[in-house]
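Here's the structure, in structure tokens; my notes come after.
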Amino acid sequence: MMIKGNAINRRQRGRIPWISGHGLCTGLLLVGVAALAGCGAGKDAVPEQRDYGVFLGAGPEALERMAEYDTVVLDAQYFTPEEILNLQADGHKVYSYLNVGSVEDFRDYYDKYVSLTIGEYEHWEEERWVDVSAEDWQNFLLEELAPEILNKGVDGFFVDNADVYYYRQTEEIYEGLTVILQGLQAADTYVCINGGDTFVMEYLDRGGSLTDIADAVNQESVFGRILWDTGKFGRNDPEEQEFFRDYVERVAAEGGDVYLLEYTEDTGLMKEIRDYCKEHGFRYFITGDLGLNL
């Protein structure tokens, strides 16, 4: 179970794993500028901010922990309608993961759509990019999978892998993504695109309105970066930070909500993220666990 997107940088796309064991402090979630004692935040740590939490590596056993956050991102395919309703009844927004640009081999529909795949997904052997221009894939997402998830009562979608347009920048892929995202918006539900900068900026540059395709963007690793060779975390290059700041600020200027998802255990970097988001009115989630477990 994983999120994909801009977990490394524009030149080397990556994504967040649902599968535990890839992070340094597996099971540890850091939010706002908080780092819990298990990862050595020390005396400079401050209380967690709990308005936004991304829990894609966790299942129903973690519902009690999720209930500490105002907005929760999970994979509704692994939760019952009753579990989701219980969160909402306590005042929580619940958004579900929806993978539109690739297909994972642990999904029950993998065998049916693997023939539509167009390439390997770097770093993740269990996943392949999918041809979003294929009508069979579009129909599956818009007529089967998305309605199935919405029927569980979620408040919207956390849409992953619009970066398939970064992987293959053709007019067919662009048009396919447009059909899918506009179709999700037509369902009158909240749509947050994870990453997707190449596609989103192209759509805006062509004169499109953000509200045609999304209500929000969640951007991974604006300030920090994942060091895939070591499984540790570092700081993004200044040019990468500037690129992604420009992107999310453009989304905000277009009227979209902005969320940041960062991987770091560096309290100094956490403070930079907190201060930046406070200045711009963005919501953020900081974690030291690549698996997004509890």
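In the range 180-230, of all residues being among the acidic types (Asp, Glu) and under 13 Å from the mean Cα position of the chain (by Cα), the one that is nearest to Arg168 (Cα to Cα) corresponds to Asp197.
Within the range 188-197, is there a residue that is out of contact with any Gly (no Cβ under 8 Å at 6 or more places or on another chain), modelled with pLDDT under 95, closer than 28 Å to Val94 by Cα and in a loop (DSSP other than H, G, I, E, B)? Checking the range 188-197: at least one residue is out of contact with any Gly (no Cβ under 8 Å at 6 or more places or on another chain), modelled with pLDDT under 95, closer than 28 Å to Val94 by Cα and in a loop (DSSP other than H, G, I, E, B). The residues of the range 170-187 that are open to solvent by 10 Å² or more (accessible area, probe 1.4 Å), among the β-branched types (Val, Ile, Thr) and either closer than 16 Å to Asn99 by Cβ or part of a helix (DSSP H, G or I) (or both), listed by number, are Thr178, Val179. Mind checking whether some residue in the range 88-96 is modelled with pLDDT of 95 or more and charged (D, E, K, R)? There is at least one residue in the range 88-96 that is modelled with pLDDT of 95 or more and charged (D, E, K, R). Note on the range 59-169: enclosed helices (runs of 4 or more DSSP H) holding 3 or more residues that are more than 23 Å from Gly256 (Cα to Cα) and open to solvent by 70 Å² or more (accessible area, probe 1.4 Å) are 81-89.
Restricting the range 265-289 to residues that are touching a helix residue (DSSP H, G or I) at 6+ places or on another chain (Cβ under 6 Å) and in a loop (DSSP other than H, G, I, E, B) leaves a set whose member that is most open to solvent (accessible area, probe 1.4 Å) is Glu265.
Out of Glu220, Glu202, one residue alone is open to solvent by 20 Å² or more (accessible area, probe 1.4 Å) and on the phi < 0 side of the Ramachandran plot. It is Glu202.
Among residues of the range 218-242 that are free of Cβ contacts under 8 Å to residues at least 40 places away in the same chain, those with a beta-carbon under 9 Å from a residue that is of a type in the set (Asp, Glu) at least six positions away or on a different chain give the pairs Gly234/Asp266; Arg235/Asp266.
Does Gly255 fit the bill of being farther than 24 Å from Asn99 by Cβ, at pLDDT 95 or above and in a loop (DSSP other than H, G, I, E, B)? Against the criterion (farther than 24 Å from Asn99 by Cβ, at pLDDT 95 or above and in a loop (DSSP other than H, G, I, E, B)), Gly255 qualifies.
The values are calculated or read from the model by the stated rules, or taken from the named source; none is laboratory data. Just so you know, these numbers come straight off a predicted model, no measurement behind them. Every residue, glycine among them, receives a Cβ derived from its backbone with ideal geometry; neighbour counts consider all protein chains shown. When the accessible area is computed, the model is the full protein with side chains, heavy atoms only, and any ligands, DNA or RNA have been set aside. Shrake-Rupley method; radii C 1.70, N 1.55, O 1.52, S 1.80 Å.
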